[in-house]
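Heads up: the structure comes next, in structure tokens.
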Amino acid sequence: MKNILEYFEKTVKTHPNKVGFVDECREATFSQTALHARAIATALCAWGNKRAVAILIDKTVNCIDTMLGALYAGDFYVVIDVHSPVERVNGILNILDNPVILTDKNSEALAGEIGREYLLYEELIQTEIDEAKLLEKRNCMCDLDTAYILFTSGSTGMPKGTVISHRALISYINWVTEEFGFNAQTVFGSQTPLYFSMSVTDFYSTIKCGCTYHIIPKPHFTFPLNLVGYLNDNKINTIYWVPTAISILSNWKVFDVIKPQYLKTVLFAGEVMPTKQLNYWIDHLDSTVTYANLFGPTETTDICAFYILNREFSDSDTIPIGKACDNCDCFVVNSEGKAVTAGEEGELYVRSGFMANGYYRNPEKTAEAFVQNPLQQDYPETVYKTGDIVKYNDKGELVYITRRDFQIKRSGYRIELGEIEAGANSVEKVKSCACIYDSEADLLVLIYEGAVKDTMVVLEAVRNHVPAYMVPDEVRRIKEMPINANGKLDRKALLATYKTL
């Protein structure tokens with residue numbers, strides 16, 4: 001297999017009239033999606049070979065048609081957040097250097113605001129399909145071709161474009177669909193944006209297995225009762241959400257009022273899952289529900305390690321990230337460039353068919369992260385240096401400690417901010433928390449959201465969890481923790497908020 005579309009075409013042939021994709025405005029069968037995608041592809045063929053197709057369309061079925069259309073044309077796509085500032089959108093477009101820009105009527109105002117030529121979805125789907133041209137394009141493809149680029153925030157403030165090939169995408173989707181048994185009866189309730197790496201799992205699993213993919217309206221995550229009602233109305237049995245989204249239902253104790261009736265698989269990734277909030281789900285839902293912690297960076301397509309919960313955890317425990325996925329090797333290297341010993345912390349490295357090709361037009365950052373395997377120098381072998389600090393527990397499971405960027409040294413001590421957060425989160429009425437380091441004032445500050453008015457209660461819980469040198473200098477309670485566009489905690493915004501308190 002050389003192209004992810006081969007899975008889609010098999011699904012279209014097997015389930016032509018099955019509804020594959022649903023948003024607030026419409027639903028589309030697999031055959032309808034294929035017709036729109038191929039029409040778009042025919043129009044794109046006039047623009048040359050292997051071009052970047054920048055998609056300025058919100059998370060809708062229209063966006064899905066366009067993503068697949070770019071692949072049919074032999075191009076690669078870049079989904080751009082239509083709610084981003086125009087400056088950031090233009091920054092990405094500048095990096096792509098003269099991409100084909102595609103939008104729809106709902107987002108046309110943004111396309112006009114950026115001041116560049118664009119194509120309109122509603123016009124492109126009227127294009128007569130040129131089967132010969134599409135076959136010609138397919139015959140020139142190979143599995144090393146780029147499928148898409150996902151832009152993530154860079155340390156310099158400039159976005160980095162992670163380049164994912166068809167080979168990496170096929171390898172990853174083969175693993176995840178087999179591991180979790182996705183099939184035509186799987187009904188996804190999708191939470192993550194299509195410009196975020198987590199979206200790859202439920203979207204491309206739908207492509208491969210003929211699942212049904214429901215785009216959950218974003219306002220439902222503000223009204224948790226409506227969210228569960230949506231899950232039930234659409235008989236959703238599988239979700240893959242960021243922990244912040246999962247925690248919304250726990251924090252509001254929604255399952256005391258209404259429970260998901262069809263849910264069988266709960267997957268989460270993207271940030272640390274607070275064990276207390278997960279335990280609420282485990283305690284209130286059917287014991288047959290499968291819970292799994294998926295872990296990995298965009299640079300490994302989506303995931304490189306996973307842990308399926310098979311035992312109980314207390315509210316103050318950390319859930320392991322488990323073991324490497326099949327066809328993926330995770331290994332831990334210490335500061336001396338050697339494999340860690342038992343219990344020793346180190347940086348996680350990955351070698352896998354899931355691995356990205358590097359960063360788009362950014363050879364310096366590519367060379368920093370995609371490096372020669374430090375554990376063998378006999379032949380060229382590129383591995384990905386994740387920047388994640390991990391260790392093995394006494395069961396041989398990988399446990400996430402922190403990001404290398406989040407690990408600080410103070411008064412000669414190495415401090416893991418995640419350990420402080422775990423202690424605070426064990427307090428019953430703490431909904432969400434984060435520890436930040438104000439380097440200018442040399443202050444370790446714990447900030448939380450929740451009904452615990454006395455900050456000393458939270459501070460005491462942390463004292464009981466960490467050594468004295470890790471106890472925060474300040475504990476602040478705020479009304480609401482800032483969340484970014486992906487639904488994850490926004491630490492940069494939190495630091496800015498703290499400085500104004």
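The values are calculated or read from the model by the stated rules, or taken from the named source; none is laboratory data. Source: prediction; values computed, not measured. Backbone-built Cβ (ideal geometry, glycine too); neighbour counts: all protein chains shown. For the accessible areas, the whole protein counts, side chains as well, though only heavy atoms, and no ligand, DNA or RNA atoms are used. Shrake-Rupley method; radii C 1.70, N 1.55, O 1.52, S 1.80 Å.
The figures follow:
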quantity	calculated
Under 14 Å, Cβ to Cβ, from ALA422 - net charge with Lys/Arg +1 and Asp/Glu -1	-4
Förster radius 25 Å - calculated FRET efficiency between LYS492 and HIS83 (Cβ-Cβ, nearest 0.05)	0.90
Helix 491-500 axis, angle to the chain major axis (alpha carbon atoms, nearest 10°)	50
Share, in percent, of DSSP beta bridges within the chain that are antiparallel, nearest 5	60
Carbon and sulfur %, accessible surface of region 39-86 computed with the full protein complex present, 1.4 Å	55
Added length on full extension, which subtracts the Cα-Cα distance from 0.36 nm per residue, TYR469 to VAL457	2.5 nm
Set of aspartates and glutamates near LYS105 by C-alpha distance (under 12 Å), chain-local residues within fewer than 8 positions excluded	ASP58, GLU122, GLU123
Reachable aspartates and glutamates, given that their alpha-carbon falls under 16 Å from the alpha-carbon of LYS492 and they are not under 8 places away in the same chain	GLU271, ASP405, ASP438, GLU440, GLU480
Accessible area in square angstrom per residue, the chain, 1.4 angstrom probe	43
Fraction of accessible area attributable to carbon and sulfur, region 100-201 (%, probe 1.4 Å)	47
Shape call, region 422-490: gyration tensor on alpha carbons, a/c limit 1.5	oblate
Selection of trypsin sites (Lys or Arg not before Pro), region 444-483, meeting DSSP coil and at most 11 other Cβ within 10 Å	LYS453, LYS479
Kirkwood-based shape ratio for region 364-422, expressed as Rg/Rh from alpha carbons	1.07
Neighbour-limited loop hits for GluC sites (Glu not before Pro), region 280-356 (at most 10 other Cβ within 10 Å; DSSP other than H, G, I, E, B)	GLU312, GLU336
Vicinal HN-Hα couplings computed from phi for region 101-110 (Karplus, 6.51 cos²θ - 1.76 cosθ + 1.60; Hz; Gly/Pro x)	9, 10, 9, 10, 4, 5, 10, 5, 4, 5
Spin-label model distance (nm) - ASP442 vs ASN49, 7 Å beyond Cα toward Cβ	6.1
Additional length obtainable on full extension of the chain from ALA342 to ASN226, 0.36 nm per residue less Cα span	37.1 nm
